[in-house]
Amino acid sequence: MKGEFKHFFPGGNTSKGFYSFYRYILPQETARRIICIKGGPGTGKSSLMKRVGQYFNEKGYDIEYHHCSSDNTSLDGVVIKELNVALLDGTSPHVVDPINPGAVDEILNMGDCWIESGFKDYRSSIISTNKQVGKKFKHAYRYIGASRLIHDDWSSYNSEALNASKLNNLQERLKNDLFKNTDVSIAANSRHLFATAFTPNGIVTFIDSIYKDYKHVYVLNGGPGTGKTSTLQYLYKKALKRGLYVEVYHDPLVPERIEHICIPNLSTAILTSNEINERSFAGNQINMEDLQNKILIDRNKAEIEKAKENFNLLLNKGLKLISEAKALHDELEKYYIPNMDFDKVEKTINDVITKILKYEKEYKNK
């Protein structure tokens, strides 16, 4: 019987540049083994991780695929949940180096599968293309940063019209509903990742794979500044105080903000349907705009619409630049792929699977 797949983004292209939650993929304290994979584009890192994931999924293990926000079809990591084994892409911009070498971490160098002599004719092209990719991302982050400033204006119009008493009452009701049978306890841990990302293929979200088996779903509907973030932050802190482990999924525009939270022990997800993910979710619907003063919203309607238009214009320009960076990155792969010894790559994949099977045997014999 096959296991389940869940999909995440461990890093994101945000208004603050590339933002990493890599340390939450698999904590050092619980990891049996973390394999950090080094190598250039087209050297088989993502393919290796997919093969390993598929193999152990077929054996019945639940698998996490951690996708690259700069190429959402590619992987930055794979986790075999029950074995506490992870493989991570350790190349730029998400540099991952061993923290506890030998005890937990090891390095797998896909460069060992290169035909090194074949690169000499491409040296200047590789250097030049890498510089162009870097420039594209810098420009993309400027546009995303500019869109965030406009988003702040849009948010301010909504927050000015928000009734604080109504918001407090809503948060109190949700707290009582969610935690009515749960006492305050020792603070628990949390995990932080992205469910949604700005990618070369536009705005992509994997939230459906994350909460699909949850029994209780609450959906916060509303634009920026309508109290969604503060409500999620409030419930997140209340859950931790009750000793409940919380999965926190962050906003791809402003990574300090929360987009969704999931509380596995309560089989409860609190999701936001917002201006970025533009998703409709089934569940207990909460319209945050009901907490606003409609007169103030109507008064600022023209300004809100203009801010919304400018936000989308700037964000789409940033997304276009990320797509252009991906096209350049694909050019880089053309220099690497012909200079790979794929027999060695295949042997490396099989060696990794054999190594993890050894960890599986050790785990089951304990």
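The values are calculated or read from the model by the stated rules, or taken from the named source; none is laboratory data. Please read all numbers here as calculations on a predicted model, not as lab measurements. Glycine gets a Cβ as well: all are built from the backbone with ideal geometry, and neighbour counts include every protein chain shown. These accessible areas exclude ligands, DNA and RNA; they are computed on the full protein's heavy atoms, side chains included. Shrake-Rupley method; radii C 1.70, N 1.55, O 1.52, S 1.80 Å.
Against the list (1) farther than 26 Å from G134 by Cβ; (2) open to solvent by less than 30 Å² (accessible area, probe 1.4 Å), the condition R51 fails is (2). Looking across segment 1-26 at every residue that is closer than 30 Å to K344 by Cα and modelled with pLDDT under 90, the one that is surrounded by the fewest Cβ atoms within 10 Å (Cβ to Cβ) is identified as K2. Note on segment 1-101: enclosed strands (runs of 3 or more DSSP E) holding 1 or more residues that are of a type in the set (V, I, T) are 11-14, 33-38, 63-68, 71-80, 85-89. Among residues of segment 197-218 being aliphatic (A, V, I, L, M) and surrounded by 19 or more Cβ atoms within 10 Å (Cβ to Cβ), the one that is nearest to S156 (Cα to Cα) is A197. For segment 27-48, a residue qualifies if it is under 17 Å from V104 (Cβ atoms), open to solvent by less than 20 Å² (accessible area, probe 1.4 Å) and touching a helix residue (DSSP H, G or I) at 6+ places or on another chain (Cβ under 9 Å), and the qualifying residues are I35, I37. Looking at segment 312-332 only, could you name the residues that are within 14 Å of S128 (Cα to Cα) and either open to solvent by less than 50 Å² (accessible area, probe 1.4 Å) or aromatic (F, W, Y) (or both)? Hits for segment 312-332 are A325, L328, L332.
Which of the residues belonging to segment 54-76 are open to solvent by less than 10 Å² (accessible area, probe 1.4 Å) and more than 20 Å from Y363 (Cβ to Cβ)? Matches in segment 54-76: H66, S69, L75, D76.
Within segment 197-213, residues that are of a type in the set (S, T, N, Q) reach partners that are open to solvent by less than 10 Å² (accessible area, probe 1.4 Å) and in a helix (DSSP H, G or I) with beta carbons closer than 8 Å, at six or more positions or on different chains, in the pairs T199/I322. No other residue among E309, E278 is farther than 25 Å from T129 by Cα, at pLDDT 95 or above, acidic (D, E) and surrounded by fewer than 16 Cβ atoms within 10 Å (Cβ to Cβ) apart from E309. Looking at segment 184-196, is at least one residue in contact (Cβ under 8 Å) with a residue 40 or more places away in the chain, within 23 Å of F9 (Cα to Cα) and exposed (fewer than 15 other Cβ atoms within 10 Å of the Cβ)? Yes; the residues of segment 184-196 include at least one that is in contact (Cβ under 8 Å) with a residue 40 or more places away in the chain, within 23 Å of F9 (Cα to Cα) and exposed (fewer than 15 other Cβ atoms within 10 Å of the Cβ). Looking across segment 82-105 at every residue that is modelled with pLDDT of 90 or more and surrounded by fewer than 19 Cβ atoms within 10 Å (Cβ to Cβ), the one that is farthest from F5 (Cα to Cα) is identified as N84. Does N181 meet the test of being at pLDDT below 95 and farther than 24 Å from Y249 by Cα? Judged against the criteria, N181 is a match.
When you check Y122 against the structure, is it assigned to a helix (DSSP H, G or I), in contact (Cβ under 8 Å) with a residue 24 or more places away in the chain, in contact with a strand residue (DSSP E or B) (Cβ under 7 Å, 6 or more places away or on another chain) and hydroxyl-bearing (S, T, Y), yes or no? The answer is no for Y122.
Apart from one condition, S323 fits all of (1) polar (S, T, N, Q); (2) touching an Asp or Glu at 6+ places or on another chain (Cβ under 9 Å); (3) assigned to a helix (DSSP H, G or I); the exception is (2). Among residues of segment 321-337 that are touching a residue at least 40 places away in the same chain (Cβ under 8 Å) and of a type in the set (F, W, Y), those with a Cβ under 8 angstrom from a residue that is buried (at least 16 other Cβ atoms within 10 Å of the Cβ) and not in a helix (DSSP H, G or I), sequence gap 6+ or separate chain, pair up as Y335/G42; Y336/G40; Y336/P41; Y336/G42; Y336/T43; Y336/W114. Within segment 236-260, being hydrophobic (A, V, I, L, M, F, W, C), surrounded by fewer than 24 Cβ atoms within 10 Å (Cβ to Cβ) and part of a helix (DSSP H, G or I) holds for one residue alone: L240.
Looking across segment 334-349, the residues that are under 28 Å from the mean Cα position of the chain (by Cα) and open to solvent by 50 Å² or more (accessible area, probe 1.4 Å) come down to K334, I337.
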